[in-house]
Every structure is written in C-alpha cells, then in structure tokens.
Amino acid sequence: MPEVNALRRAMRFRECAPPPLDDLAANMRWLRDRELIGNLYKRYAYGVDSIDFDLVRSVFHPECEVVGTVNSGALDDYLAEIERGLHRFEATMHFVGNQYIEIDGDTGFVESWVTGYHMQAEDSAVDHLVLGLRYQDDVARNGDDWWITRRVAVKQWHTGPFPRANLSDPIDPDRASG
C-alpha cells in the first residue's frame, strides 16, 4: 500500500461527544455552543465574500495569531493582506464543508474544511483560483458568543495560480491601461 502523504498524516480527528442524554441543560448548552461556533465560519465566509472586514474581524479575538497559507502574524496585518488580495477578483465564494468541533468548557478546537472560489472577470486572461483549505482554530467563549483565538490555515490543494505574484496587481493586467 502506498505511503500516506504529509498533509494526510497531519490530520487528527478531534470532536467531543455530547453530554449524557438525561442532562437536558448540558445538552442545550452543548448544542447552542456548537451552533454559535459553527456560525463563526458562516460570518467569516460572508464577510470575506462581501469584503466586509468589520464582519470578518468580529469572529476573531483582537490578539488572534494567524498562521496563513501565504503570510502569518498579527490579525490586523493578516486581514489587511486578505482584503487587499480580494480586490483582485471579480467575485469569491467560500464554502464551509466538514467541520469538527471539540469543546472543553469555555475553550475549544475547530477544524473546518473550506473551498474558496476566486473568480476573475469573464474576459480575463488570468485563470480562476480555487483553494481547498483546512482551518485549524482555537476558539474561546466571548460572553454569550465565541471567537477564534488562533488560526492555522493549511492548504490541501489548489487550481489556478497560487500564490499570486503581487497582490496589488489589477484583476487582469491586460485591461489595466483602459
């Protein structure tokens, strides 16, 4: 049998079991927490795709550290790079698929599988970019909600040019003069 590649060897299944069935309050809290945590990723995807970075920022702790696919560091620097890069595309659509949530009191870990479609203008000579990612996030309770306190983005695969040579280039260099 062939050896499993490094990206697959690094995967670890992490998800917590529900509380005992007869503990209604614990089950309600567990279900509510899972829904609130899952909603972080819906808000993030909507914010990225609509280029609403107030919404994007709302899912992260202000001191969140990010280890990204192209750059890493403090949240503000990381998000500034993402926002600048998004303006290079005609449209994006981020789809959150499989999600594994581990909750331990007021903290947790979430691994989310994401497909990000980055579409160029219809008449562009530049190929679309599609990324398959895993977000590996530490999360913490924030009052009645949750937020991401540390993110590691792992690229699983891509189609199209990645990374882009210069995030400040226009959507299609051939159309920049007109």
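When you look at R14, is it of a type in the set (K, R), surrounded by 13 or more Cβ atoms within 10 Å (Cβ to Cβ) and either at pLDDT below 95 or over 13 Å from the mean Cα position of the chain (by Cα) (or both), yes or no? Can you show your working first?
Numbers: of a type in the set (K, R): yes; surrounded by 13 or more Cβ atoms within 10 Å (Cβ to Cβ): yes; either at pLDDT below 95 or over 13 Å from the mean Cα position of the chain (by Cα) (or both): yes.
Yes.
For every residue, the table says whether it meets (1) part of a helix (DSSP H, G or I); (2) touching a residue at least 24 places away in the same chain (Cβ under 8 Å).
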residue	(1), (2)
A26	yes, no
G38	yes, yes
R43	yes, no
G47	yes, no
P62	no, no
G73	no, no
E81	yes, yes
G85	yes, yes
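Only residues that are buried (at least 16 other Cβ atoms within 10 Å of the Cβ) and not in a strand (DSSP E or B) were counted across the range 94-127, and they come to 3. Scanning the range 66-93 for residues that are touching a strand residue (DSSP E or B) at 6+ places or on another chain (Cβ under 7 Å), of a type outside the set (S, T, N, Q), within 18 Å of K155 (Cβ to Cβ) and surrounded by 15 or more Cβ atoms within 10 Å (Cβ to Cβ) yields a count of 5.
The one condition from (1) at pLDDT below 95; (2) closer than 24 Å to T149 by Cβ that R9 does not meet is (2). Residue check: is R57 touching a Phe, Trp or Tyr at 6+ places or on another chain (Cβ under 8 Å), basic (K, R) and surrounded by 11 or more Cβ atoms within 10 Å (Cβ to Cβ)? Considered against the rule, which asks whether it is touching a Phe, Trp or Tyr at 6+ places or on another chain (Cβ under 8 Å), basic (K, R) and surrounded by 11 or more Cβ atoms within 10 Å (Cβ to Cβ), R57 comes out as no.
The values are calculated or read from the model by the stated rules, or taken from the named source; none is laboratory data. Computed from a prediction, not measured in an experiment: that's the story for all the values here. We place every Cβ from the backbone using ideal geometry, glycine too, and count neighbours over all the protein chains shown.
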